[in-house]
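Working notes, beginning with the structure itself.
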Amino acid sequence: MTPIDPDKLQATVEQVFGFLGGAVVSGMIFLGDRLGLYRALADIGPATSVELARHTGLDERWVREWLRGQAAAHLIDYPGDGRFALSPEAVMVLADEQSPAFAAGGFCGMPQQMAVLERLPEAFQSGIGLPYDAFGLEGNRGVERMFAPWFRTMLVPVAIPALDGVAAKLEAGAMVADVGCGAGVALIELAKAYPRSRLHGYEISKHALARAADNLTRAGLTNVEFHDANGDALPADARFDLITTFDCLHDMANPAGVIAAIRRAIKPDGSWLIADIKSHPTFEGNLERNPMAAMMYGFSVLSCMSSALSEPGGAGLGTLGFSEDLARAMTRDAGFTRFRTHDFANPMNAYYEVRP
């Protein structure tokens, strides 16, 4: 039997309990977001548990325990005298949905994401994963809220002007498609900014399409249309000036087929904006240089790789599976000839401008 190093044993125990602590704190972030506690604390400033409970209409004892845990996790400040406060930075991350740094929304689908753990042993045995609709409507809303802040704050003012000639086309009136459009937030932002353009979203998730329809109704726009890609596929007549795919190619069971369809759908002078997770082409590269690798591989098992294996013969790329090297190779194989990278100051995503 290999001798046990007591120091390494203790370090491993602490590491494992650290991950358990992270999971529990994540659950508390979910509650803080769901119950409006972060937003309330941002509104009223430093407050006691009594004041925050009164403001939110919640029970003081529960609010007090939640506040203490958040302060212990260093997410909420505790200046003393029983008062708790959100720093300006924490407001941006936890309370302000108009902030590009807002992250709490990504926790709203956490209960549904964790619930699929009960179904994943079967996937490990069969090799067939779960589609995104397995997470239910709230799981889809979590994905929407995770990415919506970037769409609302960066897409129109930063990303579109950086693409070669795209802003002028959109202003004049262009045909746009968002493939894997989710709840349609990106398209709605583009539609508001460029009312002369016609925008089409393609999606296979029933829950996401339902969210997209609701979002469109609230926006009151008439230049956006959503399509169920299961029966209303991307047309192959080179009609689109701009096509976008945001954080979805690595989730697809057949990304090569989708890339080929995009090549048929885009105009000869069109542009395709890809956003996908930053990754390295090898596991060793991700292990050494990606500080979020452990989380990303976990997300992959829970959702991204699972979705990409939800059909027999699925590609199964997974969260860190669509590196720049692979993106260049797959787009080149589909007939695209120009590939340009962009840095839009997003710690999670890489951005590629691809043209025929």
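Quick notes on this one:
- Inside the range 42-79, residues that are among the charged types (D, E, K, R), assigned to a helix (DSSP H, G or I) and closer than 20 Å to Met92 by Cα make up a count of 1.
- Any hit, the range 54-66, residues being of a type in the set (Ser, Thr, Tyr) and open to solvent by less than 50 Å² (accessible area, probe 1.4 Å): yes
- The helices (runs of 4 or more DSSP H) located wholly in the range 257-356 that include 2 or more residues which are out of contact with any helix residue (DSSP H, G or I) (no Cβ under 8 Å at 6 or more places or on another chain) and open to solvent by 60 Å² or more (accessible area, probe 1.4 Å) occupy 283-289, 293-299, 324-333.
- Per the listing Ala71, Ala11, the residue uniquely farther than 24 Å from Gly142 by Cβ and open to solvent by 40 Å² or more (accessible area, probe 1.4 Å) is Ala11.
- Test: residue in the range 152-164 that is open to solvent by less than 20 Å² (accessible area, probe 1.4 Å), under 17 Å from Ile243 (Cβ atoms) and in contact with an Asp or Glu (Cβ under 8 Å, 6 or more places away or on another chain): yes
Each row is one residue, and each column tells you yes or no for (1) within 15 Å of Ile188 (Cα to Cα); (2) surrounded by fewer than 23 Cβ atoms within 10 Å (Cβ to Cβ); (3) out of contact with any strand residue (DSSP E or B) (no Cβ under 9 Å at 6 or more places or on another chain); (4) modelled with pLDDT under 95.
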{"site": "Glu203", "(1), (2), (3), (4)": "yes, no, no, no"}
{"site": "Ala212", "(1), (2), (3), (4)": "yes, no, no, no"}
{"site": "Leu216", "(1), (2), (3), (4)": "yes, yes, no, no"}
{"site": "Leu221", "(1), (2), (3), (4)": "yes, yes, no, no"}
{"site": "Asp228", "(1), (2), (3), (4)": "no, yes, no, no"}
{"site": "Asp232", "(1), (2), (3), (4)": "no, yes, no, yes"}
{"site": "Ala236", "(1), (2), (3), (4)": "no, yes, yes, no"}
{"site": "Thr244", "(1), (2), (3), (4)": "yes, no, no, no"}
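- The number of residues in the range 172-228 that are outside any helix (DSSP H, G or I) and of a type in the set (D, E, K, R) comes to 6.
- Residue in the range 34-41 that is out of contact with any strand residue (DSSP E or B) (no Cβ under 6 Å at 6 or more places or on another chain), surrounded by 19 or more Cβ atoms within 10 Å (Cβ to Cβ), over 16 Å from Leu94 (Cα atoms) and among the small types (Gly, Ala, Ser) present: no
- Residue in the range 80-87 that is among the polar types (S, T, N, Q), modelled with pLDDT of 95 or more, under 27 Å from Arg141 (Cα atoms) and not in a helix (DSSP H, G or I) present: yes
- Residues (touching an Asp or Glu at 6+ places or on another chain (Cβ under 9 Å), in a helix (DSSP H, G or I) and surrounded by fewer than 21 Cβ atoms within 10 Å (Cβ to Cβ)) located in the range 111-145: Pro111, Gln112
The values are calculated or read from the model by the stated rules, or taken from the named source; none is laboratory data. Owing to the predicted nature of the structure, the values given are computational and were not obtained by experimental measurement. Backbone-built Cβ (ideal geometry, glycine too); neighbour counts: all protein chains shown. Surface areas here come from the heavy atoms of the whole protein model, side chains and all, with no ligands, DNA or RNA. Shrake-Rupley method; radii C 1.70, N 1.55, O 1.52, S 1.80 Å.
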